[in-house]
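Student: Questions regarding the structure given below will be posed in turn.
The values are calculated or read from the model by the stated rules, or taken from the named source; none is laboratory data. This one's a predicted model, so the numbers in the text were calculated from it and none came from an experiment. FYI the Cβ positions are ideal-geometry reconstructions off the backbone, even for glycines, and counts take in every protein chain you see. Just so you know, the surface numbers come from the protein's heavy atoms only, side chains and all, with ligands and any DNA or RNA stripped out. Shrake-Rupley method; radii C 1.70, N 1.55, O 1.52, S 1.80 Å.
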Amino acid sequence: MREIVTLQIGGAGNAIGDAFWHVISHEHGVDYATGRFGGTSPLQLERINVFFNATASKRLYARTIIIDTEASTIQRLNSSSQLYRPENMVAGSESAGNNFARGYHTDGAEILDQVLDNTRREVESVDSFQGFQLLHSIGGGTGSGLTSLIMEALVEQYPDNLLCNYVTIPSPNMSQVVVEPYNALLSIPALVNNSHLTFCLDNEALFQICNRNLKIQMSGYEHINHIVALTMSGITTCLRFPGQLNAGLRKIYVNMVPFPRLHFLIPGFAPLVTCKQQQFSKGTVSELVQQIFSSNNLLCAIDLRKGKLLTAAGIFRGRMSPREVDQLMTGVRNKNLHNFVDWIPNNIKTAICDIPPRGLKMSATFIGNTTAIQSLFQRLLDGSSIMLRRKAHLHWYTGEGMEEQEFIDAQEELQAIIDDYRGSAVDSDRQGSRDDDGDDDDEAGSGQQCRYCADP
């Protein structure tokens, strides 16, 4: 098997991780509370080793390292399920206090060695290690600072293995912490230089999905964590069950990332409807394809129409015709050529798994690498620049060992990523106009013959 080690870091990372293990343990027939297998299909066991380890007593436990600088979250998870191995729970003595510097330099650094020791034990216990899956937010101190520290260490110790990040990105409309823009800004260099695949999740988009699509009155993060978990389940479907494409992290990496720095992906999921709305749904593949290319179903608050897709993938689950799926996905590209870059001819990929998710007959998960993500990065840059210009709250970071130059360097890195994505879109437009000009020249210079006429 191509095993994956998961690291869930900080409050948000552990909440999303817990929801993820809830979803995939049910799909594999594993009881969340006890870790006992109670499934009925051999397919549930075929690739269960990708995310789970088996013990001598025939119990299964999640191959995950649970990390936080404070113990309350870890204690709650430890008491809620036997799916988590107690030795893999790493807690600090004090919260990072929503401060990147404390997560990176002080409180986080104290528990780094313990994290790496636990990670090494899990990596050495598997036969064919594939890579890491990191779940975290970049708005808090632990999810931003400690994650950056851990990523640097993992890249140094495991240079040949992939790092895949599921990142919750702060939104100004849903902000609960004043210094979130600083923490997010300081996380960018680690994500750009050390991550291979970064799936961007946005609380604003997730809350909009709950309010607009599901008509749910929000009282906490339970529903949005479940939506994220469903999407992660869809992305990892072909790692856990037999599929036609994207059978490993490296295949996703090769198909979705045209340049190493442009590895920030937008996930989406369909259908996102209530049980009552589902009664009026057609339940067709055509409807799923239409929904996954809609901005209303994306887990990040961007508009696909305001950029160009470098690459896209659709992972479908349920009984459906592969030919129909391919035709519909190709049809989307052919009808919207102006929304795709023209220097990657076959930039839409599909994968199909016969096993549907829990409670649905069929579903689709979208992964997109789009230049429209520059608007999200610009939002982070603008939010941090306003405060940094007046050096507001800067003393909390410099007092923990950071320098002002680190903020300036992070801003330059973020601006460089914005320019890279913007350049990809501009190059595509320039190529398209060059092709049009060339066509006119060919027709003008060939007299009565058009360019499709055969030479005499």
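Student: How big is the dipole moment of the chain about its Cα centre under a simple scheme where the beta carbon of each Lys and Arg is +1, that of each Asp and Glu is -1, and everything else is neutral? Debye, nearest 20, please.
Tutor: Using only the charged Cβ atoms, the result is roughly 2040 debye.
Student: If you don't mind, another one. Any chance you could look up the accessible area of Y158 with a 1.4 Å probe, heavy atoms only, rounded to 10 Å²?
Tutor: 30
Student: Please give the contour-minus-distance gain from T284 to K361: 0.36 nm per residue of separation, less the Cα-Cα distance, rounded to one decimal in nm.
Tutor: 26.7 nm
Student: Further question: What length, rounded to one decimal in nm, is gained on full extension from V273 through to L337, with 0.36 nm per residue of separation minus their alpha-carbon distance?
Tutor: On the way: separation 64, 0.36 × 64 = 23.04 nm, distance 2.89 nm.
Contour length minus Cα-Cα distance gives 20.1 nm.
Student: Do the sum for the chain: with -39,500 (n - 2.57) for every DSSP H run of n ≥ 4, divided by all residues, what is the mean residue ellipticity at 222 nm, to the nearest 500 deg cm²/dmol?
Tutor: When only DSSP H runs of four or more count, the value is -13000 deg cm²/dmol.
Student: Net charge within 12 Å of D354 by Cβ-Cβ distance, Lys/Arg positive one each and Asp/Glu negative one each, not counting D354 itself?
Tutor: Net local charge, D354 excluded: +3.
Student: Here's a follow-up. In nm, give the distance between the simple-model label positions of H26 and Q415, each being 7 Å from the Cα along the Cα-to-Cβ direction.
Tutor: According to this spin-label approximation, the distance is 4.8 nm.
Student: Given points 7 Å out from each Cα along the Cα-Cβ axis, report the K251 to E403 separation in nanometres with one decimal.
Tutor: Rounded to a tenth, the inter-label distance reads 4.7 nm.
Student: In the set [x] 178; [y] 169; [z] 148, which value of volume of the Cα convex hull per residue in Å³ was calculated from the structure you see?
Tutor: [y]
Student: Taking the Cα of Q114, stepping 7 Å toward and past its beta carbon, and measuring to each backbone N in the stretch 1-23: which are under 16 Å?
Tutor: Answer for the stretch 1-23: 8-11.
Student: Accessible area of V257, 1.4 Å probe, to the nearest 10 Å²?
Tutor: About 20 Å², ignoring ligands and nucleic acids.
Student: Order of 118-126, 138-146 by packing, highest average Cβ count within 10 Å first?
Tutor: Working: 118-126: 16.1, 138-146: 31.3.
So the order, starting with the most tightly packed, is 138-146, 118-126.
Student: Starting from the residue with the highest accessible area, list Y84, Y253 in decreasing order, probe 1.4 Å.
Tutor: Sorted descending by solvent-accessible area, the residues read Y253, Y84.
Student: In addition: So how much accessible area does W343 have, in Å² to the nearest 10, using a 1.4 Å probe?
Tutor: Near enough 90 Å² of accessible area.
Student: For the stretch 127-229, what does the alpha-carbon gyration tensor say about shape, rounded, prolate or oblate, given a ≥ b ≥ c as the root eigenvalues, a/c under 1.5 as rounded, and a/b over b/c as prolate?
Tutor: oblate
Student: On full extension of the chain, what length is gained from T40 through D326, given 0.36 nm per residue of separation minus the C-alpha to C-alpha distance?
Tutor: Stretched out fully, the T40 to D326 stretch lengthens by 99.8 nm.
Student: Amide H to amide H under 5 Å from D354: which residues, 5+ apart in sequence or cross-chain, H placed 1.01 Å off N in plane?
Tutor: So D354 has HN proximity to G318.
Student: Let me ask something additional. Could you sort 416-422, 150-156, 387-393, 170-176 so that the peptide with the highest average Cβ count within 10 Å comes first and the rest follow in order?
Tutor: 150-156, 416-422, 170-176, 387-393
Student: Can you give the local net charge around S295? Use residues other than it whose beta-carbon is closer than 10 angstrom to its beta-carbon, Lys and Arg +1, Asp and Glu -1.
Tutor: So the environment of S295 carries a net charge of +1.
Student: Ignoring ligands, DNA and RNA, how do H136, H105 rank by accessible area with a 1.4 Å probe, largest first?
Tutor: H105, H136
Student: Using R₀ = 25 Å, calculate the FRET efficiency as 1/(1 + (r/R₀)^6) where r is the Cβ-Cβ separation of M174 and I344; round to 0.05.
Tutor: The pair M174/I344 has a calculated efficiency of 0.15.
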